[in-house]
1. Any idea what diffusion coefficient the protein assembly as shown gets from Stokes-Einstein, in µm²/s, Kirkwood Rh on alpha carbon pairs, 25 °C, 0.890 mPa s?
2. Give the distance, in whole Å, between the Cα centre of the range A:104-172 and the Cα centre of the range A:74-97.
3. Over all residues in A:32-40, what is the mean tally of Cβ atoms on other chains that come within 10 Å of each residue's Cβ?
4. If I model a spin label at residue A:145 and residue B:101 as a point 7 Å from the Cα along the Cα→Cβ vector, what separation in nanometres do I get?
5. Taking other Cβ within 10 Å of each residue's Cβ, how do A:219, B:113, B:85 sort, fewest first?
6. Can you sort A:197, A:90 so the residue with the fewest Cβ neighbours within 10 Å comes first?
7. Expected output is a single nm value to one decimal: the length gained when fully extending between residue B:14 and residue B:137, i.e. 0.36 nm times separation in residues minus the C-alpha distance. What is it?
8. What is the order of B:34, A:122, fewest Cβ neighbours within 10 Å to most?
């Protein structure tokens, strides 16, 4: 008995040792940098970018207040708060639209015969991994004033002048939806594929309507996949950077661009760091909800 | 009873309208990309939507473009190095976190390894920028393209780790135990038993790591120094200049490179398990 226990311990030690390099690598190049940003968010900006090593809560105060240049008095400023709220709304709207389109698609995929199913999965997997920059450029081509849609509308005589779509909120929402739709479909599909359709049959036997089957049986049972999909869409659209830059034309900012701006031409690293920390707080909150809802889904199922 | 049920609902899986939505979904996902590809063959000198005639000349223009060539080479070097580093680390970690009783702290290790998946790219980008800036002010060292390789390796680890782990979880330990009973050392067991069975998982993970690194724009843009222009950064720079179908040709080539690796990874991970 003692010998087996020793061997188990040896095995544990070996498997720990195997896992360690990856964990250390990620701590060094993913976790440590976040701590540096946390530290920077409590410092003062240096004139030419970077930070001065001096403790300050200026960056967080600057999020809500504007300091008067002459007498240092603070006045409430909703400028940044509004950009955060806008970004949050974009994130939620993108998630809802992706869910409304993504769930039926995933359901359709999961109810195909196994051979056809694999082709569907491949069809969704390709855009899932395709270059996001190129896909955003593709949306830009289509909705530009000289783009495909406007050219068609003009040549059909439906409009006299191009319909302005690019550099609007609509363009950003379309771009986010187009970018992250596959992220919603695949996790939901993974859940639906494991669904036991005998339960659906049983509820039809008990005179449930199609709608009831969907809302009372299928959706609750696939909740973990739905929650994962929502998270995979919400997090990147909340932190979006390329989409609003290309399709919003820089006039319609989201937090991602605001952060990049502070590290670029605005040269206010502490403010950018503070924005990043607030963004991370939202992400943590979303993760927390997902874990809780997932746990809830399991106990009900 | 069964007959009655069959008459009432011939297909229990049907939900009306879902097939239409699924079909539109595919159209929406592919049309813009197909338009980009189609217009790379337009002989017009601008990026308007008017069709002027077929030409493959823009591909000659792209292939003769030394800046395009240099940035592609840099992207390939960074992606190859990042794939190698992340796949080795991810394989070791996958072996360490599957098959066998979970050790104390294994859950935290899993959480750490998958962290890069939940941090928005913009935050990862500026945090690495801050780290490298901090390093260079303290030590005076500029890591050059190693900045890109180290950063890419870090965020590629979870993408390589998850398929390898999935493959390992589907493999039982009987063969490993048999090898151990026959006095194979742990290394020999790994080299001659586990490893050959794991190759599809490792290749699939490596292909994903390669795509993620090769395609990355946001993080790379924030940390790349002058002269460290990867292919996505070069394409980004070109959007700001005069637009010609050459841009479409470059986008098409970039899509094709990713497509090759996506299909490779898909086939490897969906092949029937031995």
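Throughout, read-outs are computed from the coordinates displayed, never taken from laboratory work. Source: prediction; values computed, not measured. Note that each Cβ is placed from the backbone with ideal geometry, even for glycine, and that neighbours are counted across all protein chains shown.
1. Reported coefficient: 94 µm²/s.
2. First find each Cα centre; the distance between them is then 26 Å.
3. 6
4. Inter-label distance under the simple model: 7.1 nm.
5. Least to most surrounded, the residues fall as A:219, B:85, B:113.
6. A:197, A:90
7. 38.0 nm
8. If I rank by nearby Cβ atoms, fewest first, I get B:34, A:122.
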